[in-house]
Amino acid sequence: RNSQLPISDHVMPLDRYRNTALVDGIDVRALPLAGDCPAPASEGKQQQQQQQQHWFQRRLVQDTVGSGYVEFGDTKVLCSVHGPMEPKRSVLTDAGAEQSRAQLQVYYKLAPFASHQAGRVSYLPDETERRAASFLQDTLAPSLRLDRLPKSRIELHCLVLEDAGCCLATAVNCACLALVDAGLEMYDLVTAATVCRPVGATDWQLEVGDGSNSGGSSSVTLAYMRSLRQVAGMLVEAAEPLQPREVSAACRICEDPCKMTHSSLRQFLLDCLPADDRTAKIA
Amino acid sequence: LLAQLLSEPERQYIFDSVQDAVRIDGRQCLAYRQAALRLDLLCYATASAQVSLGETDVLVSVREEDNPGATAQQQGSTGSVAVQQQQAVSHPVSVWVDCSCLGSGPEQQQLADEAQAHLSSLYRCLRTPTPVFVDILLLGYDGNLLDAASIAASAALMRALPASLLSAQALPLFATVHRIGSQQIVDANQLEESCSMARVTVGVDSNGRLVACQTCGEGSL
């Protein structure tokens, strides 16, 4: 099947990182983000722009309800959605009120080969991964219409194949794509971006997936719902004490990349529809 | 935990009264409950503290590990060269939260995991010359675990660490603000926590600088 369909001509010829075997993906180039590239040589600038673009694919995993795959620079994240299924029973949830919404369960794991700095990652989820899973759960739950699926459970499995920076924000984007692919109703797409700042520096830099962020810097991750203009989640990891206005400045810087990602994700999803369904798209 | 047995009219009552700036125990929206702090309860710990904030009761013990050989084995390094290198390296504070007094269900475990992640990030900026282990035991829970645990842990760390280390780094505390409808409340008890859609937890040091910040909860802001 894969050999019959041609590789689309807008895939770059020397693109070794793109998963060209799965041809459902459409290459969407996000607009270059203004103000983030340093004053450059032309090759450096082109590479920077390329690093800041997302690559979306859906329907990668065959046996799931929905799945999504996002590459941001070198960071690669794969999400799959299972459900709605039987809810988990616990002693206290026999009361009817608790069953009026679906339970969202997020599992987040780095693949053993995923990390650049840390060497091999163990099979069991560690503290960072558990924290990322609860952050993803708190970020996606406001946007999902869980009240449409009472007495059920939705499982989201998030696997990071390569972590070259900006991993959590890419996971949020990928999880959102997987949930849309699964056909679950949502109020809005949730997109996220991360800015980071090394200890002692003054400017916040957008974190891209090129492995340039070393461990010892402060980072602010913001998950934003563009159409609703609401913040779905925010995580600040400080390597040094920060002034509150620095954190709010970082959140404002995060807003634009979130909006850019929102529009490119939305465009990707619309392009995935068959041509006759496109006229029925939601505004 | 207990709050999952709240009925819908009770939930609505708490929600509506908070919108009118009245909380069910009569506090103001930005008022804390009465807090008590007791120090030096445990003899084998380097320092210990117990905080009770309403019915929330947290016991913290801080232990400094004096034996660098033990940590050399933990990190998998070999020989005595590694031991000498250990003494120059600064260690992060390692935090463990135990919720076993509340029961052994998954909700309790989730509470413990979340608290551990938050408290580890609170003390991320703190570096000590010897490994320091902070063990937090939750004896009673009525909401606002993070604030109480941070008060107790910071108090115990202030007793345990030498003054030279403390003058350079002021120990941080958590402040958690819940959002119920359009009102913000501070120091929510368990019933109010179950009605809140979202919360922001901010770790602040004595100079007013942020050390950690995270939004939680299934609502947006």
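Mind running the shape call on region A:191-252? Use the C-alpha gyration tensor, a ≥ b ≥ c as the square roots of the eigenvalues: rounded below 1.5 for a/c, prolate if a/b tops b/c, oblate otherwise. Let's see the in-between values first.
Values: a/c = 2.37, a/b = 1.46, b/c = 1.62.
Verdict is oblate for region A:191-252.
Let's test the formula: R0 of 45 Å, r as the Cβ-Cβ distance of B:Phe15 and A:Asp63. What FRET efficiency results, to the nearest 0.05?
Working: r = 42 Å, r/R0 = 0.93.
So, using R0 = 45 Å, E works out to roughly 0.60.
Please arrange B:Thr128, A:Thr261 by how many other C-beta atoms lie within 10 Å of their C-beta, fewest to most. Please report the intermediate quantities before stating the final value.
Working: B:Thr128 19, A:Thr261 30.
Least to most surrounded, the residues fall as B:Thr128, A:Thr261.
Once you charge only the Cβ atoms, +1 for Lys and Arg and -1 for Asp and Glu, what is the size of the charge dipole of region B:111-221 about its Cα centre, to the nearest 20 debye? Let's see the in-between values first.
Working: 6 positive and 10 negative charges, 103 e Å.
Here region B:111-221 has a charge dipole of around 500 debye.
Starting from the 7 Å offset along Cα-to-Cβ, what nm value, one decimal, do you get for the label separation of A:Glu255 and B:Arg27?
Placing both labels 7 Å beyond Cα along the Cβ direction yields 3.2 nm.
In which sequence would A:Arg245, B:Arg199, B:Arg11, B:Arg209 go, from the one with the fewest C-beta neighbours within 10 Å to the one with the most?
On the way: A:Arg245 9, B:Arg199 23, B:Arg11 15, B:Arg209 19.
Exposure proxy ranking, most exposed first: A:Arg245, B:Arg11, B:Arg209, B:Arg199.
So, in nm, how far is label A:Ala111 from label B:Arg38 when the simple model puts each one 7 Å beyond its Cα toward the Cβ?
Taking the two extended label points, one gets 5.4 nm.
Quick check on the exposure proxy: order A:Cys254, B:Cys29 from fewest to most C-beta atoms within 10 angstrom. List each step's numbers first, then the result.
Values: A:Cys254 25, B:Cys29 16.
Lowest count first: B:Cys29, A:Cys254.
Tally Lys/Arg at +1 and Asp/Glu at -1 over every other residue whose Cβ is under 14 Å from the Cβ of A:Thr128; what's the total?
Details: positive: A:Lys109, A:Arg130, A:Arg131, B:Arg124; negative: A:Asp126, A:Glu127, A:Glu129, A:Asp163, A:Glu237, B:Asp113, B:Glu114.
Net of charged neighbours comes to -3.
Per q in 0.15, 0.16, 0.19, 0.21 1/Å, what log10 I(q)/I(0) does a Debye calculation on the alpha-carbon atoms of region B:86-216 return?
Debye curve over Cα of region B:86-216, log10 I(q)/I(0) at q = 0.15, 0.16, 0.19, 0.21 Å⁻¹: -0.74, -0.83, -1.10, -1.28.
Just subtract the alpha-carbon distance of B:Glu55 and B:Glu8 from 0.36 nm times their residue separation and send over the number in nm, one decimal.
Taking 0.36 nm per residue and subtracting the Cα distance, the gain is 14.5 nm.
Rule-based calculations on the coordinates, nothing more; no lab input. Just so it is clear, the model here is predicted, and its values are computed rather than measured. Note that we place each Cβ from the backbone using ideal geometry, even for glycine, and neighbour counts take in every protein chain shown.
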